[in-house]
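**Q** Sending over a structure as structure tokens; questions will come in a sec.
Please treat every number below as a calculation from the coordinates, not as lab data. As the structure is a prediction and not an experimental result, all values here were calculated from the model. FYI the Cβ positions are ideal-geometry reconstructions off the backbone, even for glycines, and counts take in every protein chain you see.
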Amino acid sequence: MISAACEWGLAGIAALRDRVSVFVIVDVLSFSTAVDVALARGAVIYPVPDEDTAEAGRTASRLGAMLAQKRRVAAPGQFSLSPASLLGVPPGLKLVLPSPNGARLSLAGGDRPVLAGCLRNAAAVARAARDLAGTGMVAVIPAGERWPGGSLRPAIEDLLGAGAILHHLDRPCSPEAQIARDAYRSAGTELAALIRGSVSGRELIERGFPRDVELATAEEVSGQAPLLIEGAYRAG
């Protein structure tokens, strides 16, 4: 009996919502990695879609939280979607984190538990997903990126991140989940190089964020299992 599935993006969540017990959102470059880095330092992360800056600001004011800046305009010392910018977050900080992909998916899970997974915390997230799902199905959702017209661009970093979680989940997989798991296993020691050389990896490096890619490709360095509770990711 299949108990682990894998589908892409919002459409994948919609297709699986009525059949699964837990969602795991995987946005390696960079939302899921940013959440892991921040939570490891004691922060609480409120995900919001990034297209409405004014609404994000109102959300931060309502919550008494800080609003992260867009990565491309954040000044040195300001927090943003860049994982490297979050290495110094103070314990207890409430941070509203706009994101075009991972945040939007995080809020689409309905009444199902939602975890944020990446390469840094794949084993911990897999354990938490098993515990939350019981005998139910776990759906691992690679976020992907967007083409200029808004359509989904599958991204290999998210396929590999999803595969890492499915590897540690160790449950009977749908064919789609099996392909993601096997892609991760076949990458082996080349995983970091593959992600650095991917479209998303090259974009970040060329824009001056090589440290973000380095943080995102570090495997099993975190025991965090970020769980969405009342609209915020908290350490689990």
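**Q** What's the extension gain from Arg17 to Glu214 if we count 0.36 nm per residue and subtract their Cα-Cα distance?
**A** 67.6 nm
**Q** Using only alpha carbons, build the gyration tensor for the chain and give me the equivalent ellipsoid semi-axes, biggest first, whole Å.
**A** 25, 20, 16
**Q** Can you give the helix-only mean residue ellipticity at 222 nm for the chain, where every DSSP H stretch with n ≥ 4 adds -39500 (n - 2.57) and the sum goes over all residues, rounded to the nearest 500 deg cm²/dmol?
**A** Rounded to the nearest 500, the figure is -11500 deg cm²/dmol.
**Q** List the residues of region 142-180 whose backbone N lies under 15 Å from a point placed 7 Å from the Cα of Arg72 along the Cα-to-Cβ direction.
**A** Output list for this probe position: 146-150.
**Q** Right, another one. Hey, can you grab everything whose amide H is under 5 Å from the amide H of Glu145? Only 5+ residues off in sequence or another chain; H modelled, so Pro and N-termini drop out.
**A** Long-range HN contacts for Glu145: Arg153, Ala155.
**Q** Diagonalise the Cα gyration tensor of region 96-236 and give the resulting equivalent ellipsoid semi-axes, square root of 5 times each eigenvalue, largest first, whole Å.
**A** Semi-axes from the Cα gyration tensor: 23, 19, 15 Å.
**Q** May I ask you to order 38-49, 206-217 by the average number of other C-beta atoms within 10 Å around their residues, highest value first?
**A** Those peptides, ordered most packed to least, come out 38-49, 206-217.
**Q** Separate question: Only bridges with both residues in region 4-234 count here: give the DSSP antiparallel percent, nearest 5.
**A** Around 25 percent antiparallel, to the nearest 5.
**Q** Only Cα pairs under 8 Å and at least 6 apart count here; give the relative contact order of region 4-234 as a rounded whole percent.
**A** The value is 32 percent.
**Q** Could you check which residue among Gly136, Gly64, Gly163 shows the biggest mean-square fluctuation in a GNM of the chain with a 10 Å Cα cutoff?
**A** Gly64
**Q** Could you give the Stokes-Einstein D for region 88-152 in µm² per second, using the C-alpha Kirkwood radius, 4 °C, 1.567 mPa s?
**A** Taking Rh from Cα pairs, D becomes 91 µm²/s.
**Q** Among rounded, prolate and oblate, which fits region 29-75 when a ≥ b ≥ c are the square roots of the eigenvalues of its C-alpha gyration tensor, a/c under 1.5 means rounded, and a/b larger than b/c means prolate?
**A** oblate
**Q** Taking the convex hull of the Cα atoms, report for region 33-138 its projected area averaged over all directions, in nm².
**A** 7.2
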